[in-house]
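Below you'll find the structure, written out as structure tokens, and then a few comments.
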Amino acid sequence: MRTDLRRQAAATRRDPGGYISPLRFHFLTRFYDGLVRWTTREAVFKDALLAQLGRAPGEQLLDVGCGTATLSVELSRRFPQARVVGLDADGAALAIARTKAAGAGVQLDLEQAFADRMPFTSGSFDAAVSSLFFHHLRRDAKRAVLAEIFRVLKPGGSLHVADWGRPTGPAMRAAFLLVQALDGWETTRDSVAGVLPELMSQAGFANVRHARNFATALGTMALYSTVKPG
């Protein structure tokens, strides 16, 4: 399991250090933002994700598997008094993230680390978000990462996830085959089965909610929310 997590947790993106890059191959990382923007209705689903977050300013917010930090940057724009931390294992993606943050004029704390062993003390964050990350993980890695998010959230803290979900019809199922071919059949079968809410509950989270779906060119984008009891 530990070997699997080293390969897949956090950004689970492969570069010469052993990660799996955002488009599975390291040399494609620079194209990731454009592809996501045009195929996933990114602006729409991320706006909805941040709307369900509904945080007050001045809090500690964590973006798990932040990649090139599009979501982290938007968090900082919307909540300028909050401390926003982006965590990812992929150094190439984080280099793009730093440039993006500087260009947007926002302050981000970017940490290169694996999501199954985050460099934060327990109860550090008021809320965590994650976008298009969990479908890169095998089932045991999903469980380990959810357990770690549970640990670093404060009691009463919330988790908000946008990722590929159970297809809402034959057209969405057919569209998602391309994602499965690119990102891996083993890791994405959980998306087709829609198991993430169940895994959240198993990790100890409460009030797990499948908030809404978005039809995209590559399949069904699902939004989830849940809270750490306390």
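For the range 133-230, compute Rg over Rh where Rg is the Cα radius of gyration and Rh is the Kirkwood radius from the inverse mean 1/r over Cα pairs.
Result for the range 133-230 is an Rg/Rh of 0.99.
Give me the percent relative contact order of the range 160-214, please, defined on Cα pairs under 8 angstrom at least 6 residues apart.
Working: 23 pairs, mean separation 19.7, N = 55.
Normalised by residue count, the contact order of the range 160-214 is 36 percent.
Per the Kirkwood treatment, what hydrodynamic radius in Å, one decimal, follows for the range 91-131 from the mean inverse distance over all distinct Cα pairs?
Working: mean 1/r = 0.0829 Å⁻¹.
Taking every pair of different Cα atoms in the range 91-131, averaging 1/r and inverting gives 12.1 Å.
Bin by bin, in steps of 10 Å, what percent of the Cα pairs in the range 116-166 do you find, going until the bin that has the longest distance?
Result, from short to long distances: 25, 54, 20, 1 percent.
So what does the Cα-only Debye profile of the range 173-217 read at q = 0.27, 0.29 Å⁻¹, as log10 I(q)/I(0), no solvent term?
-1.01, -1.05
If you count, for each residue, the other Cβ atoms within 10 Å and average over each peptide, how do 81-91, 128-138, 195-205 line up from highest to lowest? Present the calculation step by step, with values, prior to reporting the outcome.
Values: 81-91: 22.5, 128-138: 25.1, 195-205: 18.1.
Order by mean packing, descending: 128-138, 81-91, 195-205.
Which value results when the Cα radius of gyration for the range 138-193 is divided by 2.2 N^0.38 Å? Display every interim value, and only then the final one.
Details: Rg = 14.0 Å, N = 56, 2.2 N^0.38 = 10.2 Å.
Compared with the compact-globule rule of thumb, the range 138-193 sits at 1.38.
Two decimals, Cα atoms only, Kirkwood Rh: what is Rg/Rh over the range 87-188?
On the way: Rg = 15.8 Å, Rh = 15.6 Å.
My calculation puts Rg/Rh at 1.01.
Would you mind calculating the gained length between Glu198 and Leu178 on full extension (0.36 nm times residue separation, minus the Cα-Cα distance), in nm to one decimal?
On the way: separation 20, 0.36 × 20 = 7.20 nm, distance 2.52 nm.
The span from Glu198 to Leu178 would gain 4.7 nm if fully extended.
Taken together, the values in this text are just the output of simple stated rules run on the coordinates, not laboratory data. Computed from a predicted model, the values in this text were never measured in an experiment. Neighbour counts are summed over all protein chains in view; Cβ atoms, including those assigned to glycine, are modelled from backbone coordinates with ideal geometry.
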